[in-house]
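The values are calculated or read from the model by the stated rules, or taken from the named source; none is laboratory data. If you're wondering where the values come from, they're calculated on a predicted model, not measured in any experiment. Cβ: placed from backbone, ideal geometry, glycine included. Neighbour counts: every protein chain shown. Note: areas computed on protein heavy atoms with side chains; ligands, DNA, RNA excluded. Shrake-Rupley method; radii C 1.70, N 1.55, O 1.52, S 1.80 Å.
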Amino acid sequence: MEIESREDLTSILPFLPLALRSSALCWPPQVVETLKSVAAGPDQSGINSGEALFHSISNIRRTLSISDQRLASSAHHGYVLFFDKLMSETESMQWFGEVIPALGDMLLKLPSLLEAHYQNADQLTGKGSGKSKTGLRLLASQVAGTVYLSQELISALLACAFFSLFPVIDRHVQNLPTINFDYLFAILYDGRSKMQENKIRCIIHYFRRVCSNVPMGFVSFERKVLPLNNCAEYFCCPKANFWINSTIPLCPFKVKDSGLIEDQTFGALEVDFANEYLGGGALRSGCVQEEIRFMINPELIIGMLFLPAMADNEAIEIVGAERFSNYTGYAFNFRFAGNHEDKQEIDSLGRRKTFITAIDALCSPGMRQYRLEFLLREVNKAFCGFFDQSKHNQYENLFLKSKEDVTDHNDTSRNNLLVHESSSDTRENYFGTSLTPECLNHKDDIGIATGNWGCGAFGGDPQVKSMIQWLAASQALRPFVVYYTFGTEALQNLEKMSEWILAHKWTVGDLWSMLAEYCSQISKGQTHVGFFDWLLPPSSKTNLCCFS
């Protein structure tokens, strides 16, 4: 297929700094000359300081005719502050003598890297070019799909972001987040914070690494959608009865009071406590869970180029992003702590076996988080992030009613699970399958590693949110949840609570019903205690110690 005929390229081209001429992607001739000068080193380019670097960036932007799309007002001062004052002399010599020329060379190669990407993208998964489109494109809202990018191409695209070369006009129309790095440096100057300085140090370290040794793997970015209406190819967004009627057993639940999600060794899908705009404040002043992850795994940032904001029925899964940095602290205490060697295994598609799912919780929900519609929103959001749509046929065959068994005429969703009364020791569906943890066909034994999603700055109830994620993981057939509490006081009894529930062999439907009832009562002012205290009868509370 001729490159100019590709729909994927057509969708993303307005957001790239390149032009398409004579069936080829290219930089304007003047930009090529400037980049050749940059690649030749500081003796030719004159780029030996933050001041000179910013002027070179400005010149390239003028040549690209994007100078009218103004940079953040303090970006100039930010580049000067970091590279001329905060960076040591030794670091500066390496940066301007080696890294900046290598970045110039990367930018020169970007058109050919993109053309090679489009030639090979549809063959990467081995499924041909039919339904397995994998080329770089705008992954629009409500359209499920995956983009596979080489780490080499990602590094060149991130070099564009560092030089702030991406057009910003019309990005807001498509609900796309910031992608250029100008605000990252402007906020450094405006705030003069160690936190912001160390965020930039993570990025600088990434560029040092990839410029000295170009990584040759791949990273995939998938927009996951639970359609709001029936769709033959996809599992639909569940209604309340789906959760009430579920007979799936709750999966094992392990509580960790210390440690970090990104350090887990269980081979789990790691939850990104995301903003609806992927990356949140990563390229601005944010520095909590999501933003930190984007600093230590900078390849995640490139998803911000082509992934618009998530709707309530959407999630984003990223596989293969390499970790480059270690760190200490959190928020204002965040500090870059040196190089990280990523030892993750590589899969058959050349991706590291690092699985990250971005799900955005309700922000500042207050009392509305206890209303059924918002409880359903949160559990469906987590379920979307945890569920594997590629296995929806298998999932339906195991757990859903056949069409002739549908009897609930009040709910038109085809996603209602079977209601089957049985003993507490086993649950069976109409197909006679015992729904015990041992017999469920779990998603390749990849569990969930998570924590206080939607809590902290977002203001969610940590006890309710922990149960919501447990429900979603179990319903998605994940074999386990590892939950990092980060020492949150409200969750000090989480392990004992989960063990009590598992000892009573509760199903997803059992826990959902109790959680919904609790939320109803707290909304009506009928109770004011936390979910754990509300759930357990007094006699059970005195026996919690037996689960220690």
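At a glance:
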item: From the options Gly320, Gly280, residue that is at positive phi and open to solvent by 10 Å² or more (accessible area, probe 1.4 Å); result: Gly280
item: Residues that are closer than 25 Å to Glu33 by Cα, over 30 Å from the mean Cα position of the chain (by Cα) and surrounded by fewer than 20 Cβ atoms within 10 Å (Cβ to Cβ), drawn from the stretch 87-124; result: Ser92, Met93, Gln94, Gly97, Glu98
item: One residue from Val147, Val143 being touching a helix residue (DSSP H, G or I) at 6+ places or on another chain (Cβ under 7 Å) and either surrounded by fewer than 22 Cβ atoms within 10 Å (Cβ to Cβ) or at pLDDT 95 or above (or both); result: Val147
item: Where a residue in the stretch 345-365 is closer than 23 Å to Met216 by Cα and its partner, wherever it lies, is modelled with pLDDT under 95, with Cβ under 8 Å and at least six apart; result: Leu349/Leu124; Leu349/Thr125; Lys353/Gly267
item: Qualifying positions in the stretch 184-233 - among the β-branched types (Val, Ile, Thr) and at positive phi; result: none
item: Residue match in the stretch 34-41 (condition: of a type in the set (Val, Ile, Thr), open to solvent by 10 Å² or more (accessible area, probe 1.4 Å) and under 27 Å from Glu91 (Cα atoms)); result: yes
item: Of all residues making up the stretch 498-529, the number that are in a helix (DSSP H, G or I), more than 21 Å from Phe266 (Cβ to Cβ) and either within 29 Å of the chain's Cα centre (by Cα) or aliphatic (A, V, I, L, M) (or both); result: 10
item: Some residue of the stretch 221-237 being within 21 Å of the chain's Cα centre (by Cα) and closer than 30 Å to Tyr79 by Cβ; result: yes
item: Residues located in the stretch 234-263, provided they are surrounded by 17 or more Cβ atoms within 10 Å (Cβ to Cβ) and small (Gly, Ala, Ser); result: Ala240, Ser246
item: Search result, residues across the stretch 168-216 that are open to solvent by 50 Å² or more (accessible area, probe 1.4 Å) and either hydrophobic (A, V, I, L, M, F, W, C) or in contact with a Ser or Thr (Cβ under 6 Å, 6 or more places away or on another chain) (or both); result: Val168, Ile169, Val173, Tyr189, Asp190, Val214, Met216
item: Cβ-Cβ under 7 Å pairs, at least 6 apart or on other chains, the stretch 279-295 side farther than 15 Å from Ala457 by Cα, far side assigned to a loop (DSSP other than H, G, I, E, B) and hydroxyl-bearing (Ser, Thr, Tyr); result: Leu283/Thr178; Arg284/Thr178
item: Residue satisfying all of: in the stretch 483-515; hydroxyl-bearing (Ser, Thr, Tyr) and open to solvent by 20 Å² or more (accessible area, probe 1.4 Å); farthest from Ile359 (Cα to Cα) among these; result: Ser513
item: Candidate set: the stretch 45-86, residues that are out of contact with any Lys or Arg (no Cβ under 6 Å at 6 or more places or on another chain), free of Cβ contacts under 8 Å to residues at least 24 places away in the same chain and outside any helix (DSSP H, G or I); chosen: the one surrounded by the most Cβ atoms within 10 Å (Cβ to Cβ); result: Gly46
item: Residue within the stretch 472-482 that is open to solvent by less than 10 Å² (accessible area, probe 1.4 Å), basic (Lys, Arg) and under 18 Å from Trp243 (Cα atoms) present; result: yes
item: Residue in the stretch 339-347 that is part of a strand (DSSP E or B), modelled with pLDDT of 95 or more and open to solvent by less than 40 Å² (accessible area, probe 1.4 Å) present; result: no
item: Which numbered condition Leu165 fails, given (1) assigned to a loop (DSSP other than H, G, I, E, B); (2) within 19 Å of the chain's Cα centre (by Cα); (3) surrounded by 21 or more Cβ atoms within 10 Å (Cβ to Cβ); result: (2)
item: Test for Ala311: is it outside any strand (DSSP E or B), touching a residue at least 60 places away in the same chain (Cβ under 8 Å) and open to solvent by 20 Å² or more (accessible area, probe 1.4 Å); result: yes
item: Members of the stretch 447-463 found to be of a type in the set (Asp, Glu) and modelled with pLDDT under 95, listed by number; result: none
item: Pair list, Cβ < 8 Å and 6+ apart or interchain, from the stretch 99-112 residues that are at pLDDT 95 or above and in a helix (DSSP H, G or I) to residues that are of a type in the set (Ser, Thr, Tyr) and open to solvent by 10 Å² or more (accessible area, probe 1.4 Å); result: Ile100/Ser45; Pro101/Ser45; Ala102/Ser212; Gly104/Ser37; Gly104/Ser45
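Conditions (1) farther than 30 Å from Asn120 by Cα; (2) not small (Gly, Ala, Ser), marked per residue:
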{"position": "Phe235", "(1), (2)": "no, yes"}
{"position": "Ala240", "(1), (2)": "yes, no"}
{"position": "Phe273", "(1), (2)": "yes, yes"}
{"position": "Cys287", "(1), (2)": "yes, yes"}
